[in-house]
Amino acid sequence: MPETSKYNRIVLKLSGEALAGDEGFGINPVVIKNIAEQVAGAKELGVEIAVIVGGGNIWRGKIGSDLGMDRGTADYMGMLATVMNSLALQDSLEQLGCETRVLTSIEMKQVAEPYIRRRAIRHLEKGRIVIFAAGIGNPYFSTDTTAALRAAEVEADVILMGKNNVDGVYSADPKFDSGAYKYDTLTYMEMLQENLQVMDATASSFCMDNDIPLVVFSITEDGNIKRAVSGETIGTFIKK
């Protein structure tokens with residue numbers, strides 16, 4: 001029996017660090033090629049895919065702010081980092097024959113289209129992989145919040161959050177706590193009450209209020225994006 005997608009439309013959230021591989025900084029061509037192949041494989045199931053990539057492999061606004069930089073300036077630099085990552089992912093996907101569009105919240109006509117909700121939905125309906133870049137265009141908001149907002153705007157069925165260093169949500173950091181245990185399912189309220197820091201509180205509250213489910217899983221295992229899209233039980237499932 002051929003594989004099918006559990007969802008009609010998804011938002012895939014990737015951290016910037018997921019593109020860096022073991023180096024921890026910059027864009028690793030081998031890693032981004034692997035991620036692109038996973039996304040292309042999931043697309044074969046017929047699902048509509050929007051992607052949001054962080055910029056932490058290049059720049060983190062909070063670090064600049066902590067060092068005394070104006071927070072707004074530091075955050076805008078972080079948004080530009082997400083554009084670099086988005087263009088790199090677009091190139092990798094198009095080398096695999098996937099039709100893609102990068103939509104940015106900060107206008108830069110020479111490299112990408114401006115984000116317009118109806119345009120984004122139309123691209124998805126036409127089978128294009130849409131990559132949302134530059135956050136929501138305002139400082140003080142994370143790419144987690146961007147994922148939650150864009151998921152609501154394009155009426156996605158779920159947010160798939162790919163992690164490069166963990167395979168789900170744990171009660172504590174398993175690297176430092178041998179007693180940490182993995183959750184198979186959670187509610188957003190439990191996540192907030194236990195301060196599990198899967199995503200920031202703004203994004204978590206937004207997902208809870210708008211009833212957007214979240215799957216947290218490992219991006220480093222080949223085929224996991226496809227497994228998540230097809231509804232296999234992997235990682236941690238978080239719901240209202």
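Among 190-203, 169-182, sorting by the average number of other beta carbon atoms lying within 10 angstrom of each residue, highest first, gives 190-203, 169-182.
Here the sum of -39500 (n - 2.57) over DSSP H runs of 4 or more residues, divided by the residues of the chain, equals -11000 deg cm²/dmol at 222 nm, to the nearest 500.
To the nearest 20 debye, what is the magnitude of the charge dipole of the chain about its Cα centre, counting +1 on the Cβ of each Lys and Arg and -1 on the Cβ of each Asp and Glu?
Dipole about the Cα centre, nearest 20: 640 debye.
Dividing the convex hull volume of the alpha carbon atoms of the stretch 1-88 by its residue count gives 103 Å³ per residue. DSSP finds beta bridges in the stretch 166-240, and of those with both partners inside it, around 60 percent are antiparallel. For residue 25, the shell of other residues with beta-carbons less than 12 Å away shows a net charge of -2, using +1 for Lys and Arg and -1 for Asp and Glu. Residues whose amide H comes within less than 5 Å of that of residue 51, counting only those at least five positions distant or on another chain, are 12, 130, 131, 132 (H built at 1.01 Å from N in the peptide plane). For the stretch 141-240, the alpha carbon convex hull comes to 99 Å³ per residue, rounded to a whole number. Basic side chains Lys and Arg get +1 at the Cβ, acidic Asp and Glu get -1 at the Cβ, and with that the dipole of the stretch 98-151 about its Cα centre reaches some 240 debye. Along the charge dipole of the chain, Cβ charges K/R +1 and D/E -1, which of 127, 146, 214 sits furthest on the positive end? Comparing the listed Cα positions along the dipole, 127 ranks first. Just the number: Rg to Rh for the chain, Cα atoms, Kirkwood Rh, two decimals. Dividing the radius of gyration by the Kirkwood radius yields 0.94. All other residues whose Cβ lies under 14 angstrom from that of residue 149 are scored, Lys and Arg at +1 and Asp and Glu at -1, for a net of -2. When the chain is described by a simple charge dipole with +1 on each Lys and Arg Cβ and -1 on each Asp and Glu Cβ, the residue from 58, 205, 116 located farthest towards its positive end is 116. Working ranking of peptides 35-43, 78-86 by packing, defined as the average number of other Cβ atoms within 10 Å per residue, highest first, is 78-86, 35-43.
Beta bridges from DSSP with both residues in the stretch 9-239: antiparallel share about 15 percent, rounded to the nearest 5. The protection proxy used here, the mean number of other Cβ atoms lying within 10 Å of each residue, ranks peptides 27-34, 141-148 as follows, highest first: 141-148, 27-34.
Any read-out appearing in this document is the output of simple, stated calculations on the displayed coordinates, not a laboratory observation. Keep in mind the model is a prediction, meaning the values are calculated, not measured. Ideal geometry is used to build each Cβ from the backbone, glycine not excepted, and the neighbour counts take in all protein chains shown.
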